[in-house]
Protein chains: 2
Amino acid sequence: MDKEIRFNRPVILGNEIEYIKESILEGQISGNGKFTKKCHSYFEDKYGFKKCLLTTSCTDALEMAAILCEIKPGDEVIAPSYTFVSTVNAFILRGAKIVFCDSRSDHPCIDEGKIKELITTKTKAIVVVHYAGVACDMDEVMDIANENKLFVIEDAAQAIDSYYTGRDGIKKPLGSIGQLAAFSFHETKNIISGEGGMLVVNDERFEKRAEIIWEKGTNRSAFFKGEVDKYGWVDIGSSFLPSEIIAAFLYAQLENLEQIQNKRKVIWNRYYEGLKSLDEQGKLRLANIPEFSSNNAHMFYVVCKSFKERDSLLSFLKKNQISAVFHYLSLHKSAYHLAGNPLVDLPYSDHHSECLIRLPFYYELRENEIDFIISKIEEFYEC
Amino acid sequence: MDKEIRFNRPVILGNEIEYIKESILEGQISGNGKFTKKCHSYFEDKYGFKKCLLTTSCTDALEMAAILCEIKPGDEVIAPSYTFVSTVNAFILRGAKIVFCDSRSDHPCIDEGKIKELITTKTKAIVVVHYAGVACDMDEVMDIANENKLFVIEDAAQAIDSYYTGRDGIKKPLGSIGQLAAFSFHETKNIISGEGGMLVVNDERFEKRAEIIWEKGTNRSAFFKGEVDKYGWVDIGSSFLPSEIIAAFLYAQLENLEQIQNKRKVIWNRYYEGLKSLDEQGKLRLANIPEFSSNNAHMFYVVCKSFKERDSLLSFLKKNQISAVFHYLSLHKSAYHLAGNPLVDLPYSDHHSECLIRLPFYYELRENEIDFIISKIEEFYEC
């Protein structure tokens, strides 16, 4: 390799620039125009989501979810510690106290067996994160939530086009199970729009209010559908909707979703086949995909045995011009959380925080690059 | 005229599509890249703003301002009633109670003479809105704020490239006077990016925290500047930064700011010259631009004598294929505000709410179209 292998490179395959031109030349570039509606319909039709609303980011979709759940000061929200800050900041902005739950020992996702013990009379919602597009055990999570009358929000930032098959044997798209779900189209995701996200509303009680909050707290959407005579200020809200330029880009990506997903799965499998003997030899651990989950090939990660080993491997890869990266820092140990909360012990969140490495992963990653990365990891473990 | 004269049409003059292509082909389309930095530098250099941060909307810039001012439940914020919902929703999201102030009798901007009587021990900030890009009387506002140790946030959504000349005789750009200011680049503004906005930080106490809040509550910006060793969760925040695709579009607009502004002023003056005799005859009122303010030609409006007359004129223009529109509804009379607050009397907010009409206004509006609109308004008043 002459050049560094980048960690990520946004995929551009189809009509992205054409559709952007189209939206500009038609003279509508603010939000909620033709391409936004096409994206909404695409997701609603393909995945059976009840209602979709594009947002400027997954963070913003989570903020909409927090508003819709009427989170207020004093409420508690249970969330994994091994996640991005927005998973919890969205709820803290509404006044919630976050109660962090550990990851599974065999996977970065929330340990569904440890949720129940964290529930108090103040608990209002459970946020689950489908890490790497791999499903949390949603039957277990929904049972606990239903027993305790809690909302479930799926942080499906990484989970587009991934599925959960629970006890009933029915394959359900991730993002369709909780009352609300949030997706990301940030440039590091499978399907992208630069910055961007989407709120999915599965519980119809939230549908009307979601539209209002999305439109800055006005009933403008209802007005344009002829449901009210004039529109005005009826609620809190924000400017959650993205420009048509962003929606145009996203729609072009959706037209190639299948092609993108097929290629990513080929990359994922090549990594897996190449590295599985190291896993079998107990030298590192590859992703464990539970039977109830599909694999959307969002990322390829390996888990080292220790922080020190991870550090050495990252340095070794860097020396070989391979941009691999670690991922989340345990949020329960962050400066911000510890300023107002005692330190708790969440060993598997810490384990993934200290030992996980994400390998380069993007549509245009070439076979010889993957093989080079595999060979370097093998070389590292042979030393 | 064969065709309807639209109320607005986004202006595209220069390298918008080229720069979008460039950002896409260079493979960085998430936020805070090359074009975002170019936009920040442009504004900081041209207007002397201390620190600029692009946002996904003006609403989001106002939300950042509310977070920076540490607005919390129990705090009061004084704002005009004649404004867009986001001016106040941004503060309500942090828990503020809004105390509405009336407009001036001769202008939709906040009546600076009525602010003082609204201040209580709970007041934390004053939000002023430079309506139509015309300055509020900032010397008066800043004096009141300084005497009472209040923050001043300029909602400069419509006020790009407009100036205030106060007692000291120095011409200051709007957005440079309060501790914080928010601009909009929504497609209806002079300079656009579809959806988009910008926070201006003039008080250096806020600079570091503004960057953190902008980056979702992490110290990522400080990390990339080498100021800290690693980055993590240190604060609340959101995903306020727009995609590079949006910044690329905006930067192309900025390259043509002078040309856009010159053309808009020509349009504004043509309307003014054509309609001033109706003003002189007392039939309607044109915009009053105080001596301390420049005119950035953001919009052209006329004020009718009554709601009924306004209604007739709007219908008459519509019949003649002219898309003129009314503007804000008084927020103090909205369903949302009245649900928790008593009705107060703000006659000049109501007056502008009931009697103001915005005429079609965009870069490509042709002289013969302007003349046609003028002739139709004259015809209406001759009847």
Have a look at B:159, B:182 and point out the one that is buried (at least 24 other Cβ atoms within 10 Å of the Cβ), within 14 Å of chain A (Cβ to nearest Cβ) and under 19 Å from residue B:48 (Cβ atoms).
-> B:182
Name the pairs whose Cβ atoms lie under 7 Å apart, with the first residue in region B:222-243 and not assigned by TED's automatic domain parsing to the domain that holds residue B:70, the second surrounded by fewer than 24 Cβ atoms within 10 Å (Cβ to Cβ), and 6 or more positions between them or separate chains?
-> none
Those residues of region A:10-39 which are within 10 Å of chain B (Cβ to nearest Cβ), among the polar types (S, T, N, Q) and either under 17 Å from residue B:23 (Cβ atoms) or surrounded by fewer than 18 Cβ atoms within 10 Å (Cβ to Cβ) (or both) amount to A:23
Residues being hydroxyl-bearing (Ser, Thr, Tyr) and touching a strand residue (DSSP E or B) at 6+ places or on another chain (Cβ under 9 Å) - total across region B:187-213 | 1
Test: residue B:225 is modelled with pLDDT under 95, under 19 Å from residue B:31 (Cα atoms) and not small (Gly, Ala, Ser) | yes
How many residues are of a type in the set (Asp, Glu) and farther than 22 Å from residue A:254 by Cβ when one looks only at region A:208-223?
-> 1
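Quick grid of which residues meet (1) in the same structural domain as residue A:241 (by TED's automatic domain parsing); (2) of a type in the set (Val, Ile, Thr); (3) modelled with pLDDT of 95 or more; (4) closer than 25 Å to residue A:255 by Cα:
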site: A:149; (1), (2), (3), (4): yes, no, yes, no
site: A:156; (1), (2), (3), (4): yes, no, yes, yes
site: A:160; (1), (2), (3), (4): yes, yes, yes, yes
site: A:165; (1), (2), (3), (4): yes, yes, yes, no
site: A:181; (1), (2), (3), (4): yes, no, yes, yes
site: A:193; (1), (2), (3), (4): yes, no, yes, yes
site: A:199; (1), (2), (3), (4): yes, no, yes, yes
Sort out which residues of region B:246-275 are under 22 Å from the mean Cα position of the chain (by Cα) and either of a type in the set (D, E, K, R) or within 21 Å of residue A:240 (Cβ to Cβ) (or both), and write them in order of number.
-> B:246, B:247, B:249, B:250, B:255, B:258, B:263, B:264, B:265
Tally the residues that are closer than 19 Å to residue B:290 by Cα and of a type in the set (Phe, Trp, Tyr), restricting the search to region B:147-201.
-> 2
How do the helices (runs of 4 or more DSSP H) wholly within region B:293-383 filter down when requiring 1 or more residues that are touching a Ser or Thr at 6+ places or on another chain (Cβ under 6 Å) and charged (D, E, K, R): which remain?
-> B:347-355
Can you name the number of the only condition in (1) at pLDDT below 95; (2) facing chain A (nearest Cβ under 10 Å) that residue B:233 fails?
-> (1)
With the checklist (1) within 13 Å of another protein chain (Cβ to nearest Cβ); (2) more than 30 Å from residue A:114 (Cα to Cα) in hand, flag the one item residue A:93 doesn't pass.
-> (2)
What number goes with the only condition from (1) out of contact with any helix residue (DSSP H, G or I) (no Cβ under 7 Å at 6 or more places or on another chain); (2) among the aromatic types (Phe, Trp, Tyr); (3) surrounded by fewer than 18 Cβ atoms within 10 Å (Cβ to Cβ) that residue B:42 does not pass?
-> (1)
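Only one residue in A:172, A:124 is more than 18 Å from the chain's Cα centre (by Cα), of a type outside the set (S, T, N, Q) and either surrounded by fewer than 24 Cβ atoms within 10 Å (Cβ to Cβ) or outside the structural domain of residue A:76 (by TED's automatic domain parsing) (or both), so which one is that? Break it down stepwise before answering.
Details: A:172 fails: more than 18 Å from the chain's Cα centre (by Cα).
Unique residue meeting the criteria: A:124.
So if I check each of B:46, B:97, B:21, B:51, which one is among the basic types (Lys, Arg) and more than 22 Å from the chain's Cα centre (by Cα)? Working first, answer last.
Working: B:46 fails: more than 22 Å from the chain's Cα centre (by Cα); B:97 fails: more than 22 Å from the chain's Cα centre (by Cα); B:51 fails: more than 22 Å from the chain's Cα centre (by Cα).
Testing whether each residue is among the basic types (Lys, Arg) and more than 22 Å from the chain's Cα centre (by Cα) leaves just B:21.
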Which one of these does residue B:214 not meet: (1) at the interface with chain A (Cβ under 9 Å from one of its Cβ atoms); (2) at pLDDT 95 or above?
-> (1)
Breaking point among (1) of a type in the set (S, T, N, Q); (2) crowded, with 19+ Cβ neighbours inside 10 Å; (3) closer than 15 Å to residue A:274 by Cβ, for residue A:349 = (3)
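So which of A:358, A:366 is closer than 30 Å to residue A:78 by Cβ and of a type in the set (D, E, K, R)?
Values: A:366 fails: closer than 30 Å to residue A:78 by Cβ.
None of the others qualify; the one that does is A:358.
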Among (1) out of contact with any strand residue (DSSP E or B) (no Cβ under 6 Å at 6 or more places or on another chain); (2) within 30 Å of residue A:8 (Cα to Cα), which single condition is residue B:57 missing?
-> (1)
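Given the condition within 14 Å of chain B (Cβ to nearest Cβ) and closer than 29 Å to residue A:152 by Cα, answer yes or no: does some residue in region A:252-271 qualify? Give the derivation first.
Step one: filter region A:252-271 for residues within 14 Å of chain B (Cβ to nearest Cβ), giving A:252-253.
Those still in the list that are closer than 29 Å to residue A:152 by Cα too: A:253.
Among the residues of region A:252-271, at least one is within 14 Å of chain B (Cβ to nearest Cβ) and closer than 29 Å to residue A:152 by Cα, which makes the answer yes.
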Checked A:99, A:77, A:85 against criteria (aliphatic (A, V, I, L, M), in contact with a strand residue (DSSP E or B) (Cβ under 6 Å, 6 or more places away or on another chain) and within 8 Å of chain B (Cβ to nearest Cβ)); the one match is A:85
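Take the residues in region A:162-179 that are assigned to a loop (DSSP other than H, G, I, E, B) and β-branched (Val, Ile, Thr), then tell me which one is farthest from the other protein chains (Cβ to nearest Cβ).
Here is the first cut: in region A:162-179, the ones assigned to a loop (DSSP other than H, G, I, E, B) are A:162, A:166-170, A:174-179.
In the following step, the residues that additionally are β-branched (Val, Ile, Thr) were identified as A:170, A:177.
Details: A:170: 34, A:177: 24 Å.
Applying the filter and picking the extreme gives A:170.
The values are calculated or read from the model by the stated rules, or taken from the named source; none is laboratory data. Values in this document were obtained by computation on a predicted structure and should not be read as measured data. Positions of Cβ are generated from backbone atoms using ideal geometry, with glycine treated the same way; all protein chains shown enter the neighbour counts.
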